[in-house]
Amino acid sequence: MIRRDHELPVVRQAELVGISRGSVYYLPRPAREADLLLMRAMDELHLEYPFAGARMLRDLLKAQGFEVGRKHVSTLMRRMGIEAIYRRPNTSRKHPKHPIYPYLLRGLTIDRPDHVWAMDITYIPMARGFVYLAAVIDWASRKVLAWELSITMETDFCIRVLDQALARHGRPEIFNTDQGSQFTSLAFTERLKAETIGISMDGRGCWRDNVFVERLWRSVKYEEVYLHAYESVSQARAGIGRYLDFYNTRRPHTAHGGRTPDQAYAATLPIMGKAA
């Protein structure tokens, strides 16, 4: 997405897509094996204790036999794209370049497909590295509408997944995300505005605002990812692809009375309660 021969300077291009200038020139190095083991353990702990910050994670890791300091845990958390979940003060303050949009789902009855879509990114461990998984789901039916793996968490990766969902399923009335820089970037929000889609964003650090995506990550990891040590990105893509096909077409969902997400998406849904 960044072109050095473009008339816009690299600094401005980086601002528009929501990445730092330094990352344009950064050449990624493979993670150390010891760090990969730590990150795998941290990922499992974060699913169980999403409120745990660097200090608590450090202590939980030490209880499992890992010798690691708080600063290194903080570094790995940033690399994985995870943070402790808790309410912070002044969360409504808007960034001058990346405006934060209000959360539109509180008290809203979401009772039909394509009313609200949600999107998020999660860390996926492999045997010799890691990737990131992004997915768009339909809030009412829980159907996974589009997904993709990437070695980075850049904005263009998220836009590709969004475009896949729009091409396959039309467009929703509201699109909900967290306040990650990929989703608050001008490139991403302008793409939604171009489709006249309402933009909704979680309160910072509040996982309950996007709870259905968090539940999807838990299912993906415990029912697929943690059972396999993927040797390559292509193997991870194939394994996760098989699981998400199973999730959509064969896995019964209690919220739908045993129907699958595909069946719920295709049907005219009854009222399914209030949004979280």
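Only the coordinates and a few stated rules stand behind these numbers; no lab work does. Because the structure is a prediction, the values reported are computed rather than measured. Cβ: placed from backbone, ideal geometry, glycine included. Neighbour counts: every protein chain shown.
Here are a few things to note about the model shown:
- Ellipsoid semi-axes for segment 30-86, based on the Cα gyration tensor and the rule √(5λ), read 16, 13, 10 Å when sorted largest first.
- Put simply, the amide H of Glu148, placed in the peptide plane, has neighbours under 5 Å in Ala134, leaving out anything fewer than 5 places away on its chain.
- 3J(HN,Hα) from dihedral phi, segment 144-152, Karplus parametrisation 6.51/-1.76/1.60, rounded to Hz, x for glycine, proline: 7, 8, 6, 7, 6, 9, 8, 8, 10
- Sorting the segments 256-263, 102-109, 61-68 by their mean number of nearby beta carbons within 10 angstrom, highest to lowest, gives 256-263, 102-109, 61-68.
- Applying 0.36 nm per residue to the separation of Asp111 and Ser232 and subtracting their alpha-carbon distance, the gain on full extension is 39.6 nm.
- Near Gly81: Cβ cut-off under 11 Å, other residues only, Lys/Arg at +1 and Asp/Glu at -1. The net charge is -2.
- Once the Cβ-Cβ distance of Ala127 and Thr196 is raised to the sixth power relative to R0 = 45 Å, the FRET efficiency obtained is 0.55.
- A cut-off under 14 angstrom between Cβ atoms defines the neighbours of Met153, and their net charge, with Lys, Arg +1 and Asp, Glu -1, is -3.
- Net charge over other residues, Cβ less than 12 angstrom from the Cβ of Glu48 (K, R count +1; D, E count -1): 0
- Exposure proxy order (Cβ contacts within 10 Å, fewest to most) of Ile121, Ile100: Ile100, Ile121
- Computed from label points 7 Å out along Cα-Cβ, the spacing between Thr152 and Glu44 is 3.2 nm.
- Taking amide H atoms as placed 1.01 Å from N in the peptide plane, the amide H of Thr260 lies under 5 Å from those of His253, each 5 or more residues away in sequence or on another chain.
- Remark: segment 225-234, residue by residue, has Karplus-estimated 3J(HN,Hα) of 4, 6, 8, 9, 10, 4, 8, 8, 5, 5 Hz, where x stands for each Gly or Pro and the curve is 6.51 cos²θ - 1.76 cosθ + 1.60 at θ = phi - 60°.
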